[in-house]
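For reference, the structure discussed in these notes is given below.
The values are calculated or read from the model by the stated rules, or taken from the named source; none is laboratory data. Computed from a predicted structure; not experimentally measured. Cβ coordinates were reconstructed from backbone atoms using ideal geometry, including for glycine residues, and neighbour counts include every protein chain displayed.
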Amino acid sequence: MVFPPYLKQYVVLVTAWWNRVKSAHSVWRLTRLYTGLLLTVVAILLVALYQLSIGTMNRQQQMQMANIRAQQTSLAEQLPAEQFIEQFKLQAQSSRQYILSYQTKQQSVGRLSEAPTLPLCPSLSRFPIWLDQYDEIRLVSGCSQPLASGILTVAVDDESLYELKAQFISASAVALCLAILLGLITGLVFSIRVLKRINGFNQVALQVEAGHLSARVAVSEQNDEYDHMALHINTMLSQMQHSFETIAGITDAIAHDLRTPLSHLRQQIELEILDKQHKNLPTEQLGSMLNKLDGILFTFSSMLELTRLQQQREDNSQNFTRVDLQQVITDAVDLIEPLAEDKQQLVTLQVQPPLSIQGDATLLFRAIYNLLENASKYAGMNANIEARLTPNGFIISDNGPGICDSEKIKVFQRLYRIDKSRGVAGFGLGLTLVKAIIQLHNGTIELLDNKPGLTVQVTFSN
């Protein structure tokens with residue numbers, strides 16, 4: 001079935017509107033709540049107004065008709081038929097609003113020449129009659145009540161009351177429509193203003209989660225509850241930032257101060273190794289000491305580099321160039337393949353489609369290589385490792401043991417290592433550096449289950 005173009009466009013517009021409604025679920029929920037409360041209040045006021053005005057008039061008419069029926073019933077029981085009919089004629093002629101009629105087998109007395117078929121009182125039914133005072137046919141409401149020798153018909157001219165009811169219903173419908181419109185507009189404006197403040201808190205939380213500890217919640221001049229909460233949150237963030245900077249500063253100071261004497265110690269060990277080699281003496285113990293010392297120096301260098309990357313992210317002063325990510329990931333795979341072959345691992349690469357971003361090619365290469373090296377290190381023998389370029393980033397996956405959900409956030413912390421990985425050489429800084437590099441390039445990194453294995457998904461926003 002072929003749809004006309006205008007119908008397709010209408011469907012697209014409706015779909016887009018519905019998606020916006022679903023994305024702003026909280027806005028519409030608050031708006032519906034406010035509109036519902038407003039409609040409830042307006043409906044209660046309209047019902048109360050109806051009962052105090054039209055309802056009172058209607059009850060008075062019914063009460064008056066009930067009095068007339070009770071009076072005529074009592075007179076029919078007390079008076080002879082001739083006297084009852086005479087007094088009934090007088091009362092029927094003198095009554096203007098109420099139409100009275102008494103129908104017997106012999107005659108019909110009152111303002112109706114022939115009594116219509118009506119329900120028994122107090123049920124009412126509408127029927128048309130000619131009224132001389134209006135010189136027109138009007139609808140009246142009446143009922144019938146059997147008496148001793150005939151049928152009493154009592155009706156009331158309530159056409160004006162019905163018109164008043166119709167006008168009241170029309171006015172109520174307009175009032176409810178205006179209430180809905182006012183509720184939607186007011187509730188929407190109110191909800192957007194409230195959620196705008198809440199979204200401000202969420203944006204700051206996302207920035208802090210991404211590592212931007214200098215982010216703060218904007219404080220308005222309204223000095224309301226949101227501003228008080230913003231001040232408390234900003235104070236908490238300032239204390240957190242000071243604590244992190246203090247810890248990082250102490251760590252970097254220790255690493256910086258120890259790196260120089262350790263470098264001197266390394267030189268001395270190298271000289272001692274050379275001296276023993278000239279004398280044909282064993283150097284295995286000194287070589288082991290040198291390897292351990294190199295690991296310590298590498299850890300200190302990585303910690304200092306991590307701080308430098310985080311400062312660049314905060315200052316946003318890094319000058320980037322256009323980097324072909326396809327070439328970078330290809331070079332990283334080429335470099336990791338010999339290491340993978342030693343473990344009989346298969347490394348595959350998918351580079352379609354090509355992708356280029358603003359960044360530092362050296363840092364990006366290091367991040368990708370670290371991820372490939374981790375995959376090769378922890379996936380085990382005969383594992384399959386895949387590197388795949390996506391339209392907005394890349395994915396590194398393996399079929400190894402993977403990482404449990406409770407550890408996927410902790411592995412990005414400095415010097416954190418999973419218990420089962422402590423038997424493998426490392427210092428717990430690889431993924432921390434990778435995350436710092438990715439965030440420096442306005443990207444996000446996420447660890448997912450590959451079932452089995454681990455999938456590292458990196459997405460760039462530029």
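One residue is enough: does segment 143-159 have a residue meeting the conditions of a type in the set (A, V, I, L, M) and in a helix (DSSP H, G or I)?
There is no residue in segment 143-159 that is of a type in the set (A, V, I, L, M) and in a helix (DSSP H, G or I).
Collect the residues in segment 129-142 that are at pLDDT 65 or above and part of a loop (DSSP other than H, G, I, E, B), keeping them in residue-number order.
D135
I'd like to verify a number: residues in segment 363-385 that are closer than 18 Å to T432 by Cβ and of a type in the set (S, T, N, Q), how many?
2
Please work out if L100 is of a type in the set (A, V, I, L, M, F, W, C), assigned by TED's automatic domain parsing to the domain that holds G150 and in a strand (DSSP E or B).
It is true that L100 is of a type in the set (A, V, I, L, M, F, W, C), assigned by TED's automatic domain parsing to the domain that holds G150 and in a strand (DSSP E or B).
Taking the condition touching a strand residue (DSSP E or B) at 6+ places or on another chain (Cβ under 7 Å) and among the acidic types (D, E), does E114 pass?
yes
When you scan segment 52-91, how many residues do you find that are loosely packed, with under 12 Cβ neighbours inside 10 Å and not in a helix (DSSP H, G or I)?
Qualifying residue count, segment 52-91: 1.
Can you name the residue in segment 92-142 that is among the hydroxyl-bearing types (S, T, Y) and closer than 19 Å to D158 by Cβ and is also surrounded by the most Cβ atoms within 10 Å (Cβ to Cβ) among such residues?
It comes out as S101.
Kindly establish whether I357 is modelled with pLDDT of 80 or more, over 29 Å from N382 (Cβ atoms) and of a type in the set (V, I, T).
Judged against the criteria, I357 is a match.
Filter segment 350-387 down to residues that are in a loop (DSSP other than H, G, I, E, B) and small (G, A, S) and give me whichever is farthest from K451 (Cα to Cα).
Ranking the candidates gives G380 first.
Select from segment 236-287 the residues that are under 25 Å from V217 (Cα atoms) and exposed (fewer than 12 other Cβ atoms within 10 Å of the Cβ) and write down the one among them that is modelled with the lowest pLDDT.
So, considering only residues that are under 25 Å from V217 (Cα atoms) and exposed (fewer than 12 other Cβ atoms within 10 Å of the Cβ), the one modelled with the lowest pLDDT is I247.
Of E221, E209, which residue is surrounded by fewer than 12 Cβ atoms within 10 Å (Cβ to Cβ), at pLDDT 80 or above and either of a type in the set (G, A, S) or out of contact with any strand residue (DSSP E or B) (no Cβ under 9 Å at 6 or more places or on another chain) (or both)?
Result: E221 is the single residue among E221, E209 that is surrounded by fewer than 12 Cβ atoms within 10 Å (Cβ to Cβ), at pLDDT 80 or above and either of a type in the set (G, A, S) or out of contact with any strand residue (DSSP E or B) (no Cβ under 9 Å at 6 or more places or on another chain) (or both).
Go through segment 319-378 and give me each residue that's among the small types (G, A, S), over 20 Å from F460 (Cβ atoms) and surrounded by fewer than 19 Cβ atoms within 10 Å (Cβ to Cβ).
The answer is none; no residue qualifies.
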